[in-house]
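Right, one structure below, let's go through it.
The values are calculated or read from the model by the stated rules, or taken from the named source; none is laboratory data. The shown structure was predicted, so the numbers you read here are calculated from the model rather than taken from an experiment. Every residue, glycine among them, receives a Cβ derived from its backbone with ideal geometry; neighbour counts consider all protein chains shown. Protein only, heavy atoms only, side chains kept; ligands, DNA and RNA dropped before computing areas. Shrake-Rupley method; radii C 1.70, N 1.55, O 1.52, S 1.80 Å.
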Amino acid sequence: MNSRRDFLQKAGLSTLAISLPFADPLSAMNFEKEEKVLRVAIMGLGSYGTRVAEAMKDSKRAKLVGVISGTPSKIETWKQKYGIPAKNCYTYDNYHQIKDNPDIDAVYVITPNSLHKPHSIGVAKAGKHVICEKPMALNAEEGREMIAACKAAGVHLMVGYRMHFEAKTVEIVKRQRAGEFGKTLFFQGLSGFMIGDPTQWRLNRELAGGGSMMDIGVYSINGARYMLGEEPIWVEAQEVKTDPVKFKQGVDETITFQMGFPSGAVASCLSTYSMNNLDKFFLNGTKGFAEMQPSTGYGPIQAKTNKGPIEAEHITHQTTQMDEMAAIILDGKKPLIPVDGEEGLKDLVIVDAIYEAVRTGARISLI
Ligand code: NDP
């Protein structure tokens, strides 16, 4: 954190602010006000947990102070690497004791999808704020249980929607809300990658809750909602499977889906585990368009509108996310695009409807 001396030097001032004729001594003192820091434990030290831990090194408001893991060797490595004290290390069997640890404020749940509900509810019952990875749960019913548990415990529930804080995404959303594109009537979301190892949990229905839709398709669902600024009223969906050995019953390989919105806007989206380089959002209105490609990868995000490119510095998404989530929890800050449990639930209601539409072939009403 910058000291007042650093601030003054950066501002090109060599004397104390108090000696300047325009300086208010009280506001100058504010530069020295320490901002509170959110002390976070990560649960699930896998690939994404590692990415979040690395990003948190640059966070001004969030600090990694603890771990919850089922792998003793990882705990040892993380203790060394991130300077985590032994008293802040837990397993899935004893993490409920975290309630007696005053040095941890929040737990970031980064385990496989089917564990999000039990782990988040366990954390809430231990009285700690919950940050849970996407998808928040396997279905809307689970999502509602998580919201109720966090409410009962008086803790925040947030979903790891890192794009909600990404600068170019936020800029397009602001322009859409300001009417720059006119009446926005069409969104296209393309989300996919080629999945490798057939034995991984993402291809295990028990742990993943489905296939590409649970993992990557949720970005197009979520993106359609924040880019159009509306909630869908119906869903249609179609499934295509080219490899029924790799993508077993209940594990979707590719789903195309459409959503209709109250304004008359429609969204046309694709979710797949069988194509790479599929990461694109396109929004069209009566006066203009916005295009993002890549739109939800780790970045840099590329964005343009009919007026030209959108420029913004690339900051590691998870660093900004953790700074902003700390501000939400510690300062009560309200984000432009919500990241709370209700926001996660809205996506899960749509996921449920998409799977029902695939099963039945019918248009599913959401009202
Ligand atoms: P990994 O498989 O790399 O890591 C998951 C970790 O969860 C494991 O390393 C393990 O950690 C722990 N775990 C606990 N129980 C199990 C189990 N039964 N099987 C496997 N792992 C278990 O997955 P990811 O890190 O890629 O994904 C984790 C979550 O993060 C998912 O929900 C995913 O959707 C989300 N994610 C979000 C991204 C985003 O951009 N927002 C990007 C990537 C993933 P340990 O050994 O410490 O117990």
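For the structure I just gave you, tell me whether MET146 is closer than 25 Å to ASP93 by Cα and within 14 Å of the ligand (Cβ to nearest atom).
So MET146 fits the description; yes.
So, in the range 153-195, exactly how many residues are in a strand (DSSP E or B), β-branched (Val, Ile, Thr) and within 16 Å of the ligand (Cβ to nearest atom)?
1
Which residue pairs have Cβ atoms closer than 7 Å, lie 6 or more positions apart in sequence or on different chains, and pair a first residue in the range 128-144 that is under 18 Å from ASN222 (Cα atoms) and open to solvent by 10 Å² or more (accessible area, probe 1.4 Å) with a second residue that is more than 14 Å from the ligand (Cβ to nearest atom) and not basic (Lys, Arg)?
Note: pairs meeting the criteria are ASN139/ASP352; ARG144/LEU345.
Would you pick out the residues in the range 300-310 that are farther than 12 Å from GLU166 by Cα and either surrounded by fewer than 19 Cβ atoms within 10 Å (Cβ to Cβ) or of a type in the set (S, T, N, Q) (or both)?
Of everything in the range 300-310, those that are farther than 12 Å from GLU166 by Cα and either surrounded by fewer than 19 Cβ atoms within 10 Å (Cβ to Cβ) or of a type in the set (S, T, N, Q) (or both) turn out to be LYS304, THR305, ASN306, LYS307, GLY308, PRO309.
When the range 88-113 is examined, which residues are found to be of a type in the set (A, V, I, L, M) and assigned to a strand (DSSP E or B)?
ALA106, VAL107, VAL109
So, of the residues in the range 114-127 that are within 12 Å of GLY209 (Cβ to Cβ) and open to solvent by 10 Å² or more (accessible area, probe 1.4 Å), which turns out to be farthest from the ligand (Cβ to nearest atom)?
Checked the range 114-127; the qualifying residue farthest from the ligand (Cβ to nearest atom) is LYS117.
Can you tell me which condition GLY210 does not meet? The list is (1) part of a loop (DSSP other than H, G, I, E, B); (2) of a type in the set (Gly, Ala, Ser); (3) closer than 25 Å to GLY285 by Cα, and all the others hold.
Of everything listed in (1) part of a loop (DSSP other than H, G, I, E, B); (2) of a type in the set (Gly, Ala, Ser); (3) closer than 25 Å to GLY285 by Cα, GLY210 misses just condition (3).
Report yes if some residue within the range 327-337 is of a type in the set (A, V, I, L, M), surrounded by 13 or more Cβ atoms within 10 Å (Cβ to Cβ) and within 16 Å of the ligand (Cβ to nearest atom); otherwise report no.
yes
One residue is enough: does the range 245-255 have a residue meeting the conditions more than 24 Å from PRO198 (Cβ to Cβ) and hydrophobic (A, V, I, L, M, F, W, C)?
Among the residues of the range 245-255, not one is more than 24 Å from PRO198 (Cβ to Cβ) and hydrophobic (A, V, I, L, M, F, W, C), which makes the answer no.
From (1) touching a Leu at 6+ places or on another chain (Cβ under 7 Å); (2) open to solvent by 10 Å² or more (accessible area, probe 1.4 Å), pick out the condition that doesn't hold for HIS156.
Every condition holds for HIS156 apart from (1).
What tally of residues in the range 300-321 results from selecting those that are within 12 Å of the ligand (Cβ to nearest atom) and of a type outside the set (S, T, N, Q)? Steps first, answer last, please.
First, pick out the residues of the range 300-321 that are within 12 Å of the ligand (Cβ to nearest atom): 316-318, 321.
Restricting the remaining residues to those that are of a type outside the set (S, T, N, Q) gives 317.
Adding up the residues that qualify gives 1.
Could you give every pair whose Cβ atoms fall below 7 Å, whose first residue belongs to the range 266-294 and is free of Cβ contacts under 8 Å to residues at least 60 places away in the same chain, and whose second residue is open to solvent by 60 Å² or more (accessible area, probe 1.4 Å) and assigned to a strand (DSSP E or B), counting only separations of at least 6 or pairs across chains?
The qualifying pairs are GLU291/LYS304.
Here are SER274, SER268: which of them is farther than 24 Å from HIS164 by Cβ and open to solvent by less than 50 Å² (accessible area, probe 1.4 Å)?
The match here is SER274.
Return yes when PRO335 is closer than 30 Å to GLU34 by Cβ, in contact with an Asp or Glu (Cβ under 8 Å, 6 or more places away or on another chain) and assigned to a loop (DSSP other than H, G, I, E, B) and no when it is not.
So PRO335 passes the test.
State which residue pairs qualify: first residue of a type in the set (Gly, Ala, Ser) and inside the range 89-116, second residue in a loop (DSSP other than H, G, I, E, B) in any location, beta carbons under 6 Å apart, and separation of 6 or more residues or different chains.
Filtered contacts from the range 89-116: ALA106/LYS128; SER114/LEU138; SER114/GLY209.
Name the pairs: first residue in the range 48-73 and of a type in the set (D, E, K, R), second residue near the ligand (Cβ under 9 Å from one of its atoms) and part of a helix (DSSP H, G or I), Cβ to Cβ under 9 Å, at least 6 apart or on different chains?
Listed by first residue and then by second, the contacts come to ARG51/GLN318; GLU54/GLN318.
How many residues are in a helix (DSSP H, G or I), within 11 Å of the ligand (Cβ to nearest atom) and open to solvent by less than 50 Å² (accessible area, probe 1.4 Å) if we restrict to the range 196-207?
Total meeting the criteria: 0.
Go through the range 63-82 and count every residue that is part of a helix (DSSP H, G or I), within 9 Å of the ligand (Cβ to nearest atom) and among the β-branched types (Val, Ile, Thr).
Result for the range 63-82: 1.
From the list LYS74, LYS33, LYS63, pick out the single residue that is farther than 23 Å from PRO112 by Cβ and modelled with pLDDT of 95 or more.
On inspection, the qualifying residue turns out to be LYS63.
Name the residues in the range 278-299 that are under 19 Å from ALA267 (Cβ atoms), open to solvent by 10 Å² or more (accessible area, probe 1.4 Å), out of contact with any Asp or Glu (no Cβ under 7 Å at 6 or more places or on another chain) and within 16 Å of the ligand (Cβ to nearest atom), would you?
LEU278, ASP279
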